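Working notes, beginning with the structure itself.
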Amino acid sequence: MTILIPQPQFAGIEVEEKSSAKEEVVLDAGFLVPDANAFGHNFRDYDGESERQAGVETFYKINHINQTYHFVKRMREEYGKLDKVEMSIWECCELLNDVIDESDPDLDEPQIEHLLQTAEAIRQDYPNEDWLHLTALIHDLGKVLHHPKFGELPQWAVVGDTFPVGCAFDESIVHHKYFEENPDYNNPAYNTKFGVYKAGCGLDNVLMSWGHDDYMYLVAKENKSTLPSAGLFVIRYHSFYALHRTGAYKYLMNEEDEENIKWLKIFNKYDLYSKSKVRIDVEKVKPYYLSLIHKYFPEKLRW
Ligand SMILES: O[C@H]1[C@H](O)[C@@H](O)[C@H](O)[C@@H](O)[C@H]1O
Ligand SMILES: [Fe+2]
Ligand SMILES: [Fe+2]
């Protein structure tokens, strides 16, 4: 049954623009899924006709052509060194404000808004899971790879949905047709269902297209974050829509992945549908998030 109820005011969040008598569809207890994104379009609509969509499509074209098995291996090695910058989690949140994500049809707010909107929305519904609040706050911090301090990696190597490399590209991946120009597409070592992998091998053994997810996972792990494995999993696979939305590549998962993906599916709703014009008062919520950072991370991290 679909229940319609009006939009609530979150604690600590001021609604900047009230969407005139607009009603929202409830999918789950608590969080209200809006019926349109900030531009008045459906969420994750990659086929619409607008200038923004054209930019997003061009983004995916370049991304799909260049994300090869070899490229990902190289990037993991290079950025896994974590020898670029030393800073705290909060410093990174602030740096991220300079980064604009060209792959996202649903968002044109500064990134820090998105981080806090996601974290505050999930905190509202899961007040006792403080690790989940922090996971939400930091899930996109890997986008700093596009910052000049990190050599300004191009967008196609930082943002957008992710997918495995080393096996066939699933048809459910956004703008799949552009993979035809990816050198791996015609390489028999990489273009079969399993490619270089084995059934049930576990996602930890699968190379994912390079971007902010895997990078932030590496940062958290190598700096000895005490976040639970589900938190690290959410960070690492939150852009893997082919899996968590469509169920593609399920056969690569192991038992631990099956457990962790439950949290990812919960998290995804907040990541995607909290993208709105709702502004968060940063100064008001900052002390709470600083306390979580202190609990789960060292003061300074290697990036
Ligand atoms: O465009 C968006 C954006 O880059 C998000 O940060 C990423 O997690 C999504 O998967 C992607 O679709
Ligand atoms: Fe993301
Ligand atoms: Fe996000």
All positions within the range 234-262 that are within 15 Å of ligand 3 (Cβ to nearest atom) and not β-branched (Val, Ile, Thr): 236, 237, 238, 239, 240, 241, 244, 245
Would you point out which residue out of 149, 143 is within 14 Å of ligand 1 (Cβ to nearest atom), more than 18 Å from residue 269 (Cβ to Cβ) and in contact with a helix residue (DSSP H, G or I) (Cβ under 8 Å, 6 or more places away or on another chain)? 143
Can you work out which of the residues in the range 55-107 that are more than 23 Å from residue 182 (Cα to Cα), part of a helix (DSSP H, G or I) and not acidic (Asp, Glu) is farthest from ligand 2 (Cβ to nearest atom)? 90
Looking at the structure I just gave you, is residue 189 out of contact with any helix residue (DSSP H, G or I) (no Cβ under 6 Å at 6 or more places or on another chain), more than 23 Å from residue 282 (Cβ to Cβ) and surrounded by 16 or more Cβ atoms within 10 Å (Cβ to Cβ)? no
Of all helices (runs of 4 or more DSSP H) fully inside the range 189-297, the set with 3 or more residues that are closer than 17 Å to residue 173 by Cα is 241-244
Within the range 139-166, which residues are under 24 Å from residue 205 (Cβ atoms) and touching a residue at least 60 places away in the same chain (Cβ under 8 Å)? 139, 142, 145, 157, 160, 161, 162, 163, 164, 165, 166
The range 108-131, subset in contact with a Lys or Arg (Cβ under 8 Å, 6 or more places away or on another chain) and assigned to a helix (DSSP H, G or I), residue surrounded by the fewest Cβ atoms within 10 Å (Cβ to Cβ): 130
List the pairs whose first member sits in the range 32-45 and is touching a residue at least 24 places away in the same chain (Cβ under 8 Å), whose second member is among the charged types (D, E, K, R), and whose Cβ atoms are under 6 Å apart, counting only residues at least 6 apart or on separate chains? 32/24; 34/24; 37/106; 38/277; 43/106
Scanning the range 235-282 for residues that are modelled with pLDDT of 95 or more and small (Gly, Ala, Ser), which turns out surrounded by the most Cβ atoms within 10 Å (Cβ to Cβ)? 239
Pairs needed: first member in the range 114-132, away from ligand 3 (no atom under 15 Å from the Cβ); second member anywhere, of a type in the set (Phe, Trp, Tyr); C-beta distance under 7 Å; at least 6 residues apart or different chains. 124/10; 125/31; 131/296
Check 178, 197 and return the single one that is over 22 Å from the mean Cα position of the chain (by Cα) and of a type in the set (Ser, Thr, Tyr). 197
Residue 63, sole failed condition from (1) more than 25 Å from residue 268 (Cβ to Cβ); (2) within 13 Å of ligand 1 (Cβ to nearest atom): (1)
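The values are calculated or read from the model by the stated rules, or taken from the named source; none is laboratory data. These numbers were taken from a predicted model, which means no experiment stands behind them. No Cβ is skipped: glycine too gets one built from the backbone with ideal geometry, and neighbour counts run over all protein chains shown.
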